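The values are calculated or read from the model by the stated rules, or taken from the named source; none is laboratory data. Values in this document were obtained by computation on a predicted structure and should not be read as measured data. Don't worry about glycine lacking a Cβ; one is built from the backbone with ideal geometry, like all the others, and counts go over all protein chains shown.
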Amino acid sequence: MYEGNKMIEQLFGSKTRVKLLYLFYGNPNRSFFVREITRKVDEQINSVRRELANLLSIGIITSDTSNNKLYYEVNQKYEFYSPLSNMFGSAPTTGESSEDTMGATLESASQKYWTGAGNLELIVYTGVFTRDESAGVDILLVGQANKIAVAKLVEGLEKQEGKELRYTIMATDTAEYRSQIKDRFWSDLEKSKKQVILDKRAFFGKSAKTTKEK
């Protein structure tokens, strides 16, 4: 196992806990139910439940019920959110096996996943990813996109999420214009709960990562 990961596991108590921290901090504004979490981190459900209870008691994550399912999400109001986000905000990229680096479990929420999709300026997840349907879309891609590559990547996400995803590809100049005039689509997007994967032109502010507009 990669020595850096082993050290982190020793500091934080268990491999499962570390995987959960990478999952939640790598996907702020996203909610997950237990069996989905178990599948993503590839650990036993009893171990996952135990560590979720620990993180919940500390205040690192929050929970709520929707459609008779209990969902968990990172608590962005937690007093140590920023330093933990700096540490766990992205999966380690060591070239090791997916078991050690979490590989595909988090790559779909990273810029790396969209390599080969074209010259993208903005990547936003909302809708089914954040349980907020106000934007009417699940993925927004802005820039010069390779539509065939995008379709394959979206298909991969659909298999991972177990759901059909709605996505929109928009030219950069179109996005800039629509963001300036604040048309219905863009206004709804700004207000929605979303995860900003990439934002080269600061459509949502220089420090935009995740947001829920008021």
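Filter region 189-211 down to the residues that are surrounded by fewer than 18 Cβ atoms within 10 Å (Cβ to Cβ) and touching a residue at least 40 places away in the same chain (Cβ under 8 Å), then identify the one that is farthest from Leu120 (Cα to Cα). Before you say what the answer is, go through the steps one by one.
Quick first cut of region 189-211, residues surrounded by fewer than 18 Cβ atoms within 10 Å (Cβ to Cβ) only: 190-191, 198, 200-202, 205-209.
When the remaining residues are screened for being touching a residue at least 40 places away in the same chain (Cβ under 8 Å), the result is 191, 198, 200-201, 209.
Working: Lys191: 22, Leu198: 8, Lys200: 8, Arg201: 10, Lys209: 16 Å.
The selected residue is Lys191.
Take Ala104 and tell me if it is among the hydrophobic types (A, V, I, L, M, F, W, C), at pLDDT below 90, out of contact with any His (no Cβ under 6 Å at 6 or more places or on another chain) and assigned to a loop (DSSP other than H, G, I, E, B).
On the way: among the hydrophobic types (A, V, I, L, M, F, W, C): yes; at pLDDT below 90: yes; out of contact with any His (no Cβ under 6 Å at 6 or more places or on another chain): yes; assigned to a loop (DSSP other than H, G, I, E, B): no.
Spelling it out, it is not the case that Ala104 is among the hydrophobic types (A, V, I, L, M, F, W, C), at pLDDT below 90, out of contact with any His (no Cβ under 6 Å at 6 or more places or on another chain) and assigned to a loop (DSSP other than H, G, I, E, B).
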Output for region 28-59, where each listed residue is surrounded by fewer than 20 Cβ atoms within 10 Å (Cβ to Cβ), of a type in the set (A, V, I, L, M, F, W, C) and outside any helix (DSSP H, G or I): Phe33
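Could we say that Val137 is β-branched (Val, Ile, Thr), assigned to a loop (DSSP other than H, G, I, E, B) and modelled with pLDDT of 95 or more here? It would help to see each step written out before you state the result.
Values: β-branched (Val, Ile, Thr): yes; assigned to a loop (DSSP other than H, G, I, E, B): yes; modelled with pLDDT of 95 or more: yes.
Yes, satisfied.
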All positions within region 66-79 that are loosely packed, with under 11 Cβ neighbours inside 10 Å and at pLDDT 90 or above: Lys77, Glu79
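When residues of region 64-78 are filtered for being over 15 Å from Asn29 (Cβ atoms) and free of Cβ contacts under 8 Å to residues at least 12 places away in the same chain, how many remain?
Total satisfying the criteria: 3.
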Go through region 82-92 residue by residue and tally those that are among the aromatic types (Phe, Trp, Tyr) and either in contact with a Cys (Cβ under 9 Å, 6 or more places away or on another chain) or free of Cβ contacts under 8 Å to residues at least 12 places away in the same chain (or both). 0
Look through region 148-180, keep the residues that are basic (Lys, Arg) and not in a helix (DSSP H, G or I), and return whichever of them is surrounded by the most Cβ atoms within 10 Å (Cβ to Cβ). Arg166
